[in-house]
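The values are calculated or read from the model by the stated rules, or taken from the named source; none is laboratory data. The structure displayed is predicted, hence computed values, not measured ones. Cβ sites come from the backbone with ideal geometry, for glycine too, and all protein chains shown count toward neighbours.
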Amino acid sequence: MSRDNRVALVADESALCGAGLVHLMDSCLSFSKVFTCRNFRELAGLLGEYRSRVSLAVVQFDLPGMKRIEGLRRLCEAWPSLRVLVTADGCDRNTILDVISAGSHGFISKNSSTSELEHALKAIAGGQVFVATGAQGLEIIDVDRGTAKLLRPDPAHPLASLPRARVLAMAPASNGDIWIGTQGGLYRCSPDASRVDRISIPGRVPTADTWTPSTCGYFAAKVADRNRQ
């Protein structure tokens, strides 16, 4: 992997967590250097030293000296071009809303898998916003309104709820609805998350395929053999 001149920062009071993040970022991203620090003062010092070269920071929500949302907001306001991913041991809807509203670009639980963390790092480094809680289902967040709706699997109502399967992709529909591609089929959700419908496609079994949106439409791939249908 070719390296560029950008650097990244990992701010976590746990040396073990910091080392693990550095190893993962070295393997999946192309930064010339990933620096670590263990409190907010050290983080500010590294930002002041490397300035515009720093493009991504992974910051612990409870980082000593940051004062949670207050310090996170100061960080995002002082460095508006910095991409910020916030990590935490636990989370709730209000915390996630506060983190995103403060100006960060993503949130992920420390209980998430390595693959989910790698996905989050790549998404945020690439300019996207990423939120993962490690729980089943999907969280739809409206930062402007300060609301969040958690969609959880409901086996009792399989046609009106998400399946017990990984959500792989989402895309907006023309009327404001949200297309949701999962390992258990294709679903459509209303903007306020009050309605979820499983989409049946003639000639296909809805629960058998992984549905992924693209600019050319939706593609279905068998999870077992990965052959495009």
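Table for the structure above
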read-out: Residue match in the range 48-59 (condition: in the same structural domain as PHE107 (by TED's automatic domain parsing), basic (Lys, Arg) and surrounded by 20 or more Cβ atoms within 10 Å (Cβ to Cβ)); value: no
read-out: Number of the condition not met by ALA120 [criteria: (1) farther than 18 Å from ASP62 by Cα; (2) at pLDDT below 75]; value: (2)
read-out: Failed criterion for ILE96 (all others in (1) crowded, with 16+ Cβ neighbours inside 10 Å; (2) closer than 24 Å to ARG6 by Cα; (3) among the β-branched types (Val, Ile, Thr) hold); value: (2)
read-out: ALA44 farther than 12 Å from ALA8 by Cα, in the same structural domain as PHE107 (by TED's automatic domain parsing) and surrounded by fewer than 13 Cβ atoms within 10 Å (Cβ to Cβ); value: no
read-out: Residue among CYS37, CYS28, CYS17 that is of a type in the set (A, V, I, L, M, F, W, C) and surrounded by fewer than 16 Cβ atoms within 10 Å (Cβ to Cβ); value: CYS28
read-out: ASN5, sole failed condition from (1) over 28 Å from LEU97 (Cα atoms); (2) over 19 Å from the mean Cα position of the chain (by Cα); (3) outside any loop (DSSP other than H, G, I, E, B); value: (3)
read-out: Meets criteria (over 19 Å from the mean Cα position of the chain (by Cα) and outside any strand (DSSP E or B)) for GLY20; value: no
read-out: Qualifying residues in the range 167-184 (those that are more than 16 Å from ARG195 (Cβ to Cβ) and part of a loop (DSSP other than H, G, I, E, B)) - the one modelled with the lowest pLDDT; value: GLN183
read-out: Close pairs (8 angstrom Cβ cut-off, 6 or more residues apart or separate chains): among the β-branched types (Val, Ile, Thr) in the range 43-56, assigned to a helix (DSSP H, G or I) anywhere; value: VAL54/LEU46; VAL54/LEU47
